[in-house]
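Working notes for the structure below.
The values are calculated or read from the model by the stated rules, or taken from the named source; none is laboratory data. All figures in this text were calculated on a predicted structure; none of them were measured in a lab. Note that we place each Cβ from the backbone using ideal geometry, even for glycine, and neighbour counts take in every protein chain shown.
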Amino acid sequence: MFLRIDKLQIELPRPQQADPESAGIVQEFMGGKFGEMSTLMNYTYQSFNMRGKSKIRPYYDLVANIAAE
């Protein structure tokens, strides 16, 4: 079971300057150059396609919030 709270657990510091190398590393963790877009489309499609949303409301909310994020 998942408990989802729409709040960051910690405050993230704002970077003083851009770091393209670190951004590239994070992008690779997320699946490469187009990884985040394919993940977004998968979760969005799943959230649109769920049938019987009232029966599975917590799971629908989880998938829909991941897509919205």
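Here are a few things to note about the model shown:
- Close pairs from segment 46-69: first touching a residue at least 40 places away in the same chain (Cβ under 8 Å), partner assigned to a loop (DSSP other than H, G, I, E, B), Cβ under 8 Å, at least 6 apart: PRO58/PHE2; ASP61/ARG4; LEU62/PHE2; LEU62/ARG4; ASN65/ARG4; ASN65/ASP6
- In segment 55-67, the residues that are surrounded by 12 or more Cβ atoms within 10 Å (Cβ to Cβ) and either part of a helix (DSSP H, G or I) or modelled with pLDDT under 70 (or both): TYR59, TYR60, ASP61, LEU62, VAL63, ALA64, ASN65, ILE66, ALA67
- Among the residues making up segment 43-65, those that are under 16 Å from the mean Cα position of the chain (by Cα) and among the β-branched types (Val, Ile, Thr) are THR44, VAL63.
- Tally, over segment 10-38, of residues that are under 28 Å from TYR59 (Cα atoms) and modelled with pLDDT of 75 or more: 3
- Filter pass, GLY52 being at pLDDT 70 or above, out of contact with any strand residue (DSSP E or B) (no Cβ under 7 Å at 6 or more places or on another chain) and not in a helix (DSSP H, G or I): yes
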